[in-house]
Amino acid sequence: MPASLPNSPRARFLELGESERALWLDPAEAEFVAHGFERASLNRIIASAGESKGRTYHYFSGKGALFDATLERRLEPLAGLMPIPEALADIDPAGFWKALATLSARLTERFQQDATLAALVRTLHREKAAQEAVSDKLAAFRARIESVLAAGRSVGAVRDDLPLSMLADVALDVLISVDRWFARHADSLPDGDEAALSQRAFSLLMTPLLPQSKNEGPLS
């Protein structure tokens with residue numbers, strides 16, 4: 001979790017037990033899934049939680065902070081799947097890309113299994129206000145991408161003729177574009193096609209990052 005200032009609403013919320021947090025997060029989750037971010041009503045969430053506005057603002061600075069906490073709870077089970085850059089720096093190029101391909105497959109599976117998480121992520125794609133509410137998470141995700149690419153570069157899996165920050169931006173853009181496409185079209189795909197298509201789409205991320213001398217990827 002991102003660091004919180006002492007005695008900030010977020011810090012106070014994190015001191016609560018899981019069941020107490022759920023008093024707000026359960027109705028907030030239902031509200032954001034049903035209505036998105038901008039159309040979600042903080043008053044409806046507060047009423048469903050059976051709490052007062054004063055107590056709610058004691059723990060949340062506003063609707064954006066509540067959306068941030070709601071998404072964070074859904075993302076927590078995925079933390080163990082994320083690669084550790086230091087570990088990636090100890091494998092060969094083929095192993096590096098295979099590790100990322102495995103991660104992609106596992107994340108696709110989790111999104112298929114967790115319709116609520118998928119709905120919250122769709123809200124991020126659709127609404128700029130939702131993106132602004134979790135800007136710290138998006139910044140941390142981009143920084144993680146750059147660290148992973150740095151590890152890949154150290155083992156010769158990632159090209160070194162372009163600035164690392166540029167490659168991180170390209171990778172993030174590809175990931176967002178692919179995820180946005182699946183968010184819009186996943187419901188119309190035949191059963192079983194999403195995972196296979198996601199694996200093939202991984203080449204869209206891999207190809208622009210490979211060293212220029214590589215005409216074919218290590219997975220081919």
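The values are calculated or read from the model by the stated rules, or taken from the named source; none is laboratory data. Since the structure is predicted, the reported quantities are computational estimates derived from the model, not experimental observations. We place every Cβ from the backbone using ideal geometry, glycine too, and count neighbours over all the protein chains shown. Quick note on the areas: whole protein, heavy atoms, side chains included, nothing else; ligands and nucleic acids left out. Shrake-Rupley method; radii C 1.70, N 1.55, O 1.52, S 1.80 Å.
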How many residues are open to solvent by 60 Å² or more (accessible area, probe 1.4 Å), under 26 Å from I84 (Cβ atoms) and within 14 Å of the chain's Cα centre (by Cα) if we restrict to segment 113-138? 3
Failed condition for E109, given (1) part of a helix (DSSP H, G or I); (2) touching a helix residue (DSSP H, G or I) at 6+ places or on another chain (Cβ under 8 Å); (3) open to solvent by 20 Å² or more (accessible area, probe 1.4 Å); (4) at pLDDT 85 or above, with all others met? (4)
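Looking at A87, A22 in this structure, which one is surrounded by fewer than 13 Cβ atoms within 10 Å (Cβ to Cβ) and in a helix (DSSP H, G or I)? If you could, list the steps in order and put the result at the bottom.
Values: A22 fails: surrounded by fewer than 13 Cβ atoms within 10 Å (Cβ to Cβ).
Result of the check over A87, A22: A87.
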Could you look through segment 90-106, keep only residues that are crowded, with 16+ Cβ neighbours inside 10 Å and in contact (Cβ under 8 Å) with a residue 24 or more places away in the chain, and pick out the one that is farthest from V155 (Cα to Cα)? S104
Within segment 160-204, the residues that are part of a loop (DSSP other than H, G, I, E, B) and modelled with pLDDT under 80 are L189, P190, D191, G192
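What are the residues in segment 163-187 that are among the hydrophobic types (A, V, I, L, M, F, W, C) and under 15 Å from L205 (Cβ atoms), if any? If you could, list the steps in order and put the result at the bottom.
Taking segment 163-187 first, the residues among the hydrophobic types (A, V, I, L, M, F, W, C) are 164, 166-168, 170-172, 174-176, 178, 181-183, 186.
Across segment 163-187, the qualifying residues are M166, L167, A168, V170, A171, L172, V174, L175, I176, V178, W181, F182.
Here is a check on your reading of the model: is F96 in contact with a helix residue (DSSP H, G or I) (Cβ under 9 Å, 6 or more places away or on another chain) and in a loop (DSSP other than H, G, I, E, B)? Talk me through it step by step, then tell me what you get.
Values: in contact with a helix residue (DSSP H, G or I) (Cβ under 9 Å, 6 or more places away or on another chain): yes; in a loop (DSSP other than H, G, I, E, B): no.
It is false that F96 is in contact with a helix residue (DSSP H, G or I) (Cβ under 9 Å, 6 or more places away or on another chain) and in a loop (DSSP other than H, G, I, E, B).
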Test R74 against the criterion of being touching a Ser or Thr at 6+ places or on another chain (Cβ under 7 Å) and either open to solvent by 60 Å² or more (accessible area, probe 1.4 Å) or within 20 Å of A28 (Cα to Cα) (or both), and give yes or no. yes
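Report yes if A118 is hydrophobic (A, V, I, L, M, F, W, C) and at pLDDT 90 or above, otherwise no.
Working: hydrophobic (A, V, I, L, M, F, W, C): yes; at pLDDT 90 or above: no.
Judged against the criteria, A118 is not a match.
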Under 7 Å by Cβ, and 6 or more places apart or on different chains, what pairs join a residue from segment 42-62 that is open to solvent by 60 Å² or more (accessible area, probe 1.4 Å) with one that is acidic (D, E)? R44/E31
A157 vs (1) surrounded by fewer than 17 Cβ atoms within 10 Å (Cβ to Cβ); (2) in contact (Cβ under 8 Å) with a residue 24 or more places away in the chain; (3) not β-branched (V, I, T): all pass except (1)
Name every residue in segment 176-190 that is among the aromatic types (F, W, Y) and crowded, with 18+ Cβ neighbours inside 10 Å, in order of residue number. F182
List the residue pairs whose Cβ atoms are under 7 Å apart, where the first residue sits in segment 191-211 and is over 18 Å from E109 (Cα atoms) and open to solvent by 60 Å² or more (accessible area, probe 1.4 Å), the second is modelled with pLDDT of 90 or more and part of a helix (DSSP H, G or I), and the two are 6 or more positions apart or on different chains. L204/V174
